[in-house]
Amino acid sequence: MIGERLQAVRKSKRINQEEVARYLDVKRQTYSAYERGVSVPDSLTLKKLADFFEVSIEYFFDYEGNVMNGSGAQNEQEEKLLMLARRAEKIPTALRERILRNFEENIDGYLEAMGASGDK
């Protein structure tokens, strides 16, 4: 579980294992073993990883009983969003940013409409 989450957050932030290992002051192979589930980081290292990736320590655990897949998505909708994000990486940066802004505006519009009608 921890290894899957480490790999998912590292890839989502486009960071390689060497960069994480340098931050932790360990060999890349040591960090790789965490991701592969061969070894588990101690509590201090886990705290450093949470700080580095800007997530809570709880992120590395699944307290809600959700089944995790290799991508880190907790359900089919999240998986679809992650797949779209990966596909979007092929779009030139300026256009991708415009698409993202448009997406955010649409979501904000829907959320506002839902709040205005009392639906949630």
**Message:** Quick check: residue separation of Arg28 and Met114 times 0.36 nm, minus the Cα distance between them. What number comes out in nm?
**Reply:** 26.2 nm
**Request:** Any chance you could look up the accessible area of Ile99 with a 1.4 Å probe, heavy atoms only, rounded to 10 Å²?
**Result:** 80 Å²
**Prompt:** Taking all protein chains as present, what is the carbon and sulfur share of the accessible area of the stretch 1-63, in % to the nearest whole number, probe 1.4 Å?
**Reply:** 49 percent
**By accessible area with a 1.4 Å probe, ligands and nucleic acids excluded, highest first: order of Val40, Val26** = Val40, Val26
**Asked** Rounded to the nearest 10 Å², what accessible area does Leu95 show when all protein chains are kept and the probe is 1.4 Å?
**Response** 70 Å²
**Prompt:** Given a 1.4 Å probe and the protein chains all in place, what does the accessible area of Phe103 round to, in Å² to the nearest 10?
**Reply:** 110 Å²
**Request:** For Lys48, list the lysines whose Cα falls under 29 Å from its own Cα; do not include residues on the same chain fewer than 8 positions away.
**Result:** Lys11, Lys13, Lys27
**Prompt:** Given a Förster distance of 41 angstrom, what is the FRET efficiency for Met1 paired with Ala94, based on the Cβ-Cβ distance and rounded to 0.05?
**Reply:** 0.60
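Pull out the extension gain between Glu19 and Arg86, defined as 0.36 nm times the separation in residues minus the alpha carbon to alpha carbon distance; nm, one decimal. Don't jump to the answer; show the numbers that get you there.
Details: separation 67, 0.36 × 67 = 24.12 nm, distance 2.11 nm.
Gain on stretching Glu19 to Arg86: 22.0 nm.
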**Message:** At 1.4 Å probe size, put Thr30, Thr93, Thr45 in order of accessible surface, largest to smallest.
**Reply:** Thr93, Thr30, Thr45
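Subtracting the Cα-Cα distance from 0.36 nm times the residue separation, let me have the gained length for Arg101 to Lys11 in nm, one decimal. Each step should come with its number before you reach the end.
On the way: separation 90, 0.36 × 90 = 32.40 nm, distance 2.21 nm.
30.2 nm is the gain from fully extending Arg101 to Lys11.
The values are calculated or read from the model by the stated rules, or taken from the named source; none is laboratory data. Small disclaimer: the values here were computed from a predicted structure and weren't measured. Glycine also receives a Cβ, built like all others from the backbone with ideal geometry; neighbour counts cover every protein chain displayed. Accessible surface areas use protein heavy atoms only, side chains included; no ligands, DNA or RNA. Shrake-Rupley method; radii C 1.70, N 1.55, O 1.52, S 1.80 Å.
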